[in-house]
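*Asks:* The structure that follows is given in the form of structure tokens.
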Amino acid sequence: LKEKYPDIIIKKYPKKITKCIQVESIIENSDIVLDGTDNFVVRKIINKACLIKNKKLIIGAVEGYSGQLMTVIPDKSACYECVYENLIDNNSCSDTGVLAPLVGMISSMMAIECINIITGNKSSYENKLLIINGLNVSVDIMSTKRNKACETSCIKIK
């Protein structure tokens with residue numbers, strides 16, 4: 001990317017995310033946030049920070065043989081908590097394991113989605129949840145919508 005786009009800035013943040021304010025400062029100068037974290041608590045924190053800072057968010061996850069992908073567009077689409085209201089972390093990916101090729105699939109699809117959005121194309125997963133079953137390689141796309149009772153209050157955050 002640096003070779004093709006010399007002005008691009010790519011940063012990694014190895015510190016553990018525990019508070020929304022951490023994410024807000026990390027994403028301040030970002031156009032799009034890609035979330036590949038492995039637990040619901042951190043995803044909720046990133047989701048809220050992106051809504052507060054009005055940042056587009058692409059979320060990819062894999063657990064066992066199942067992969068999911070969705071995009072959150074502030075003021076337009078359902079957020080992570082609209083779709084997953086009452087999730088509780090029982091296990092991490094290291095506890096349950098993941099199908100490695102599915103991780104590559106989801107991350108590649110996240111990259112394509114990011115490129116689509118950056119280049120001005122419409123999001124493929126706005127108000128959609130893509131679910132891939134790695135056991136039989138089936139793909140389901142569920143429509144999502146904003147939830148007025150959303151814990152994050154994505155409808156009210158500006």
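*Asks:* Can you tell me which residue within region 84-101, out of those that are at pLDDT below 90, hydrophobic (A, V, I, L, M, F, W, C) and part of a loop (DSSP other than H, G, I, E, B), is surrounded by the fewest Cβ atoms within 10 Å (Cβ to Cβ)?
*Replies:* The extreme case among them is Ile88.
*Asks:* Related question: List pairs: first in region 40-54 and in contact (Cβ under 8 Å) with a residue 12 or more places away in the chain, second among the small types (Gly, Ala, Ser) and not in a helix (DSSP H, G or I), Cβ under 8 Å, 6+ apart or cross-chain?
*Replies:* Arg43/Ala61
*Asks:* Test of understanding: among Ile58, Ile106, which residue is open to solvent by less than 20 Å² (accessible area, probe 1.4 Å), in contact with a strand residue (DSSP E or B) (Cβ under 8 Å, 6 or more places away or on another chain), among the β-branched types (Val, Ile, Thr) and in a strand (DSSP E or B)?
*Replies:* Only one candidate passes the filter, namely Ile58.
*Asks:* Exactly one condition in (1) open to solvent by less than 30 Å² (accessible area, probe 1.4 Å); (2) more than 27 Å from Gly104 (Cβ to Cβ); (3) charged (D, E, K, R) is false for Glu28; which is it?
*Replies:* (1)
*Asks:* Here is a further query. For residues that are in a helix (DSSP H, G or I) and β-branched (Val, Ile, Thr), tally how many sit in region 61-83.
*Replies:* 1
The rows are residues; the columns are (1) part of a loop (DSSP other than H, G, I, E, B); (2) open to solvent by 50 Å² or more (accessible area, probe 1.4 Å).
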{"site": "Lys4", "(1), (2)": "yes, yes"}
{"site": "Asp7", "(1), (2)": "yes, yes"}
{"site": "Ile10", "(1), (2)": "yes, yes"}
{"site": "Thr18", "(1), (2)": "yes, yes"}
{"site": "Leu34", "(1), (2)": "no, yes"}
{"site": "Arg43", "(1), (2)": "no, no"}
{"site": "Lys48", "(1), (2)": "no, yes"}
{"site": "Leu51", "(1), (2)": "no, no"}
{"site": "Asn54", "(1), (2)": "yes, yes"}
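*Asks:* Hey, another quick one. Pull up region 134-150, narrow it to residues that are within 17 Å of Ile59 (Cα to Cα) and either in contact (Cβ under 8 Å) with a residue 12 or more places away in the chain or within 15 Å of the chain's Cα centre (by Cα) (or both), then point me to the one that is surrounded by the most Cβ atoms within 10 Å (Cβ to Cβ).
*Replies:* Thr144
*Asks:* To continue, here is another question. Where the second residue is charged (D, E, K, R) and open to solvent by 40 Å² or more (accessible area, probe 1.4 Å) and the first is within 19 Å of Ile73 (Cβ to Cβ) and lies in region 25-38, which pairs have Cβ atoms under 8 Å and are six or more apart or on separate chains?
*Replies:* The qualifying pairs are Ile27/Lys53; Glu28/Lys53; Asp31/Lys56; Ile32/Lys56; Val33/Lys56.
The values are calculated or read from the model by the stated rules, or taken from the named source; none is laboratory data. Predicted model, so just to flag it, every value in this text is computed and none were measured. Here the Cβ is made from the backbone with ideal geometry for all residues, glycine too, and neighbour counts use every protein chain on show. These accessible areas exclude ligands, DNA and RNA; they are computed on the full protein's heavy atoms, side chains included. Shrake-Rupley method; radii C 1.70, N 1.55, O 1.52, S 1.80 Å.
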